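Peer 1: Got a structure for you, questions after.
The values are calculated or read from the model by the stated rules, or taken from the named source; none is laboratory data. Since we're looking at a predicted model, the values are computed, not measured. Cβ sites come from the backbone with ideal geometry, for glycine too, and all protein chains shown count toward neighbours. The protein model used for the area step is the full one, side chains on, heavy atoms only, and it has no ligands, DNA or RNA in it. Shrake-Rupley method; radii C 1.70, N 1.55, O 1.52, S 1.80 Å.
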Amino acid sequence: MKQNSLNLKEKKLSKIAFSHVGCEKNLVDTEHMQGLLDKEGYKVDSNIHDANVVVVNTCSFIETAREESIRKILEYTNQGKKVIVAGCMAQHFKDELIKEIPEIKGLVGTGDYQKIAKVLDRVEKGEIVNEVSRIPEFIADEEMPRFVDKNKFVAYLRIAEGCNYNCAFCIIPKLRGPQRSRTIESIVSEAKSLAKKGIQEIILISQITTNYGQDIYGKPSLAKLLNELSKVSIPWIRIHYAYPTGLTDEVIRAFKDSKNIVPYFDLPLQHSHPDVLKSMNRPWQASLNKSILEKIREEIPSAVLRTSLIVGFPGEKKEHFEHLLEFLDRHKFDHVGVFIFSPEEGTAAFHLPNKVSPEVSEARKDNVISVQQNISKEKNQTYVGSKMKILVEQISDNNELIGRSYNFAPEIDGTVILSVKEKIDLKNYIGKFVEANISFADEYDLYGETIKIL
């Protein structure tokens, strides 16, 4: 610590703050950069107002994400702060960004965040730094420093990076490179470390989690990874982005056999109609959708199913959309995210004919939301009158506890709002599991009363 203080004095190091846009994979990159800078003796602060340097970790997945990223970059350059742009926009527009916004002091690509301290050092010396690899190849392991917020009880654990699929609408392979998995030993080691820090829920993430291990073990190895992680003392382990092709009997058995892997299946199906899926370059999926959903429900009756869908894809006809609505009505997902197709330059879908008008796309999105709200409300009402295990995460302005049951993933699903009768300091509940009676439900949230701390 003394050495760090000396460095700060000698180098007159700036205060660094981070501004984050985008997905949880980006968030993990941010946490690693924060950890690396802290290790080097930099003052990493959550208060952007006081910072001299702001690292904006950007998203470039769709146009709206780019707009938000640019807005943040300009906000901080206009305040006279030194701005380093990291993440997907830096990767995507490595040649254009500094030309368009000359106030930017540095770029850090999606496979280059491990170099953040060197980039910052060069920026401090007055250089304009462009540290973006042509093809991202790096992935952090458990040895790399990482900042984990002490006020949070959920942590994302990246098991692989990049993607080898070429879905017609998706630019991720260009932004994040080919798939590269971490070893099972590395992932288990990090999970144990997170458990020691008091993390109550780990969410496994990658681009296609069911393809985990294909590149290093020669075959998808998610089941083996889950069997090893089930031995780690973390109460909840959740999996995001499970593609139907990878939900083998072995993977489903791993869900069934473990006590801490929650039966929550996040299946980004995107559509139901074979013609649309073929245009999306996902032709293998149409025949699997129905069978895999039925299999999960049969094998694991308590399974919670989430999906994400794209409407307004080029060539999506009225009958294709009606097929999708019928699919939703038949399979009754617990949660659905719906997005309007965004044409991204550099993807196959960008040049497809038969564009769907913005008005029709918007109406279709509203239609899906309306149908799903009724389904979600029905699903949620099945919990009324039951006792549930809830992870308490915060206290509301009305002095109620806000938490989640296993059927709600953080940020994207609903919450459980609980009243408390006992005269205990509410702060004692934070980060703990409680048993609760559920008394009311709407289309998004559950409401009830705390019985006891578990």
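Peer 1: Could you work out what % of the accessible surface of the stretch 16-131 is carbon and sulfur, using a 1.4 angstrom probe and leaving DNA, RNA and ligands out of the count?
Peer 2: Answer for the stretch 16-131 is 47 percent, counting heavy atoms of protein chains only.
Peer 1: With each pseudo-label sitting 7 Å past Cα toward Cβ, what's the Asn281-Asp397 distance in nm, one decimal?
Peer 2: 4.7 nm
Peer 1: If you don't mind, there's one more thing I want to ask. Would you give the gap between the C-alpha center of the stretch 220-267 and the C-alpha center of the stretch 364-434, rounded to a whole Å?
Peer 2: Measuring centre to centre over Cα atoms gives 23 Å.
Peer 1: Provide the gained length on full extension for the span Arg122 to Glu250, in nm with one decimal, where the gain is 0.36 nm per separating residue minus the Cα-Cα distance.
Peer 2: In short, 41.1 nm is gained.
Peer 1: Would you kindly calculate the translational diffusion coefficient of the stretch 16-131, applying Stokes-Einstein with the Kirkwood radius from alpha carbon pairs, for 10 °C and a viscosity of 1.306 mPa s, and quote it in µm² s⁻¹ without decimals?
Peer 2: In µm²/s, the coefficient is 116.
Peer 1: When the convex hull of the C-alpha atoms of the stretch 145-212 is computed, what volume per residue in Å³ does it have?
Peer 2: Given the Cα convex hull of the stretch 145-212, per-residue volume reads 108 Å³.
Peer 1: As I understand it, the dipole of the chain uses +1 on the Cβ of Lys and Arg and -1 on the Cβ of Asp and Glu, about the Cα centre. Which of Ile172, Gln114, His273 lies farthest toward its positive end?
Peer 2: The residue sitting farthest along the positive end of the dipole is Gln114.
Peer 1: Oh, and also: Within the stretch 351-388, whose backbone N sits under 19 Å from a point 7 Å along Cα→Cβ of Leu325?
Peer 2: 356-378, by backbone N distance to the label point.
Peer 1: How large is the translational diffusion coefficient of the stretch 179-219 in µm² per second when you combine the Kirkwood radius over alpha carbon pairs with Stokes-Einstein at 4 °C and 1.567 mPa s?
Peer 2: 115 µm²/s
Peer 1: Suppose every K and R has +1 on its Cβ and every D and E has -1 on its Cβ; what is the size of the dipole of the chain about the Cα centre, in Debye to the nearest 20?
Peer 2: 1100 debye
Peer 1: Same structure, new question: Per residue and in cubic angstrom, what volume does the convex hull of the Cα atoms of the stretch 386-453 have?
Peer 2: Taking the convex hull of the Cα positions in the stretch 386-453, it is 84 Å³ per residue.
Peer 1: Is there a quick way to get the dipole size of the stretch 154-380? I mean about its Cα centre, with the Cβ of Lys and Arg at +1 and of Asp and Glu at -1; what is the value in debye to the nearest 20?
Peer 2: That gives the stretch 154-380 a dipole magnitude of about 600 debye.
Peer 1: How much space per residue, in cubic angstrom, does the convex hull of the C-alpha atoms of the stretch 47-101 take up?
Peer 2: 73 Å³
Peer 1: Ignoring ligands, DNA and RNA, what percent of the accessible area of the stretch 154-380 is carbon or sulfur (1.4 Å)?
Peer 2: Answer for the stretch 154-380 is 51 percent, counting heavy atoms of protein chains only.
Peer 1: Further, regarding this structure: Under 4.7 Å Cβ to Cβ, no partner at all: give me those cysteines from the chain, in residue order.
Peer 2: Cys23, Cys59, Cys88, Cys163
Peer 1: Calculate the spin-label point distance for Leu288 paired with Lys317, positioning each point 7 Å from the Cα along the beta-carbon direction, and give it in nanometres.
Peer 2: That separation, rounded to one decimal, is 2.7 nm.
Peer 1: Please give the calculated 222 nm ellipticity per residue for the chain, where each DSSP H segment of at least 4 residues contributes -39500 (n - 2.57) and the sum is spread over every residue; nearest 500 deg cm²/dmol?
Peer 2: -10500 deg cm²/dmol
Peer 1: Next question, about the same structure. For the chain, what ratio Rg/Rh do Cα atoms give with a Kirkwood hydrodynamic radius?
Peer 2: With Rh from the inverse mean 1/r over Cα pairs, Rg/Rh is 0.97.
Peer 1: Here's something else I'd like to know. Counting only heavy atoms of the protein chains, get the accessible area per residue of the chain (1.4 Å probe) and round it to a whole Å² value.
Peer 2: Accessible area per residue: 46 Å².
Peer 1: Debye calculation, C-alpha points only, no solvent: report log10 I(q)/I(0) for the stretch 17-73 at q = 0.19 Å⁻¹, in the same order as the q values.
Peer 2: For the requested q values the scattering log ratios are -0.68.
Peer 1: How would you order 441-452, 292-303, 51-62 from highest to lowest mean count of nearby Cβ atoms within 10 Å?
Peer 2: Ranked from most to least packed, the peptides come out as 51-62, 441-452, 292-303.
Peer 1: Once phi is turned into ³J(HN,Hα) by the Karplus curve 6.51 cos²θ - 1.76 cosθ + 1.60 with θ = phi - 60°, what whole-Hz value does each residue of the stretch 357-362 show in order, with x for glycine and proline?
Peer 2: With coefficients 6.51, -1.76 and 1.60, one gets 5, x, 5, 5, 4, 5 Hz.
Peer 1: Would you compute, for the Cα atoms of the stretch 239-278, the largest minus smallest coordinate along each principal axis and list the three values in descending order, in whole Å?
Peer 2: Cα extents, longest axis first: 39, 17, 10 Å.
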